[in-house]
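The block underneath contains the structure these notes are about, expressed in structure tokens.
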Amino acid sequence: MLYLAAFASALVVDCIPVFAPPAWTILAFIIIKWQPNPWGVIAAGAAGSVIGRYILTLYMPHVSAKIFRRSEHDNISFLGKKLGGRFWPTNLFVMAYAISPLSTTALFTAAGMAQITPANTLPGFLVGKFIGDAIVVFTGKATADNATDLMHGKISWQTALTAGAGLLLISGVLFIDWRQLLQHRKIRLNFAILKK
């Protein structure tokens, strides 16, 4: 039953196109609270995440025009089309990205908006998600085992650095004009991305 809960919760949070809690936090909670086989929970969560991101890429083309301005929609679609390249380089990039602690929401939002075939992103995501979740879940378990410092409000510089890097990356995907950068090698920022 816990494996089904891990699968379903990862699927649900990875269907959401905006900021949602990362699936690994739910997986870590299940492992810490009920102590099932962690590898089974991680495998179930990775499978749920893959299906959730697949669903996200299916419906994103239909809702993105309602969320983003036309220029930003074109900009993110252009970035997403770069994910439609050759199989191995694209999947290796997606795998490395999924292993990192950074959110893959922006990556799959761009892929969905550009209507990239899932075969170009999901195999690498499955491998990267499993490895990345294993790393953070076991790190989270170790942290929970030594939670006294966290209970007293002590936050490490590593936590702040990771959170800052994630925020910068998500901001970069949304606010950089990717067409200008990739075609003309010029960095241009656009902060007016939402419809009024």
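Any read-out appearing in this document is the output of simple, stated calculations on the displayed coordinates, not a laboratory observation. Computed from a predicted structure; not experimentally measured. So basically every Cβ, Gly included, is an ideal-geometry build from the backbone, and we count neighbours across all protein chains shown.
General observations
- Gain upon complete extension [Asn37, Ile51; 0.36 nm per residue less C-alpha separation]: 2.9 nm
- Long-range amide H partners of Leu83 with built H, under 5 Å: none
- For the stretch 1-133, a Kirkwood radius taken over Cα pairs fed into Stokes-Einstein (4 °C, viscosity 1.567 mPa s) yields D = 87 µm²/s.
- Take every pair of alpha-carbon atoms less than 8 Å apart whose residues are at least six positions apart; their mean separation over the length of the stretch 1-90 yields a relative contact order of 32 percent.
- Computed E for Arg179/Val12 - FRET, C-beta separation, R0 41 angstrom, nearest 0.05: 0.80
- The charge dipole of the stretch 37-126, taken about its Cα centre with unit charges on the Cβ atoms of Lys, Arg (+1), Asp and Glu (-1) only, comes to about 180 debye.
- Gain on full stretching of the segment that runs from Leu58 to Lys141 - 0.36 nm per residue minus C-alpha separation: 26.5 nm
- With θ taken as phi - 60° and the Karplus curve 6.51 cos²θ - 1.76 cosθ + 1.60 applied, the whole-hertz 3J(HN,Hα) list for the stretch 68-81 is 9, 5, 4, 5, 6, 4, 5, 5, 5, 4, 4, 4, x, 5 Hz, x standing for glycine and proline.
- Near Asn120, once Lys and Arg are set to +1 and Asp and Glu to -1 for all other residues with Cβ below 13 Å from its Cβ, the sum equals +4.
- Tensor-based shape of the stretch 22-63 (alpha-carbon gyration tensor, a/c under 1.5 rounded, otherwise prolate or oblate): prolate
- Fewest-first sequence of Phe7, Phe19 by Cβ atoms within 10 Å of each Cβ: Phe19, Phe7
- The alpha-carbon atoms of the stretch 55-142 define a convex hull whose volume equals 88 cubic angstrom per residue.
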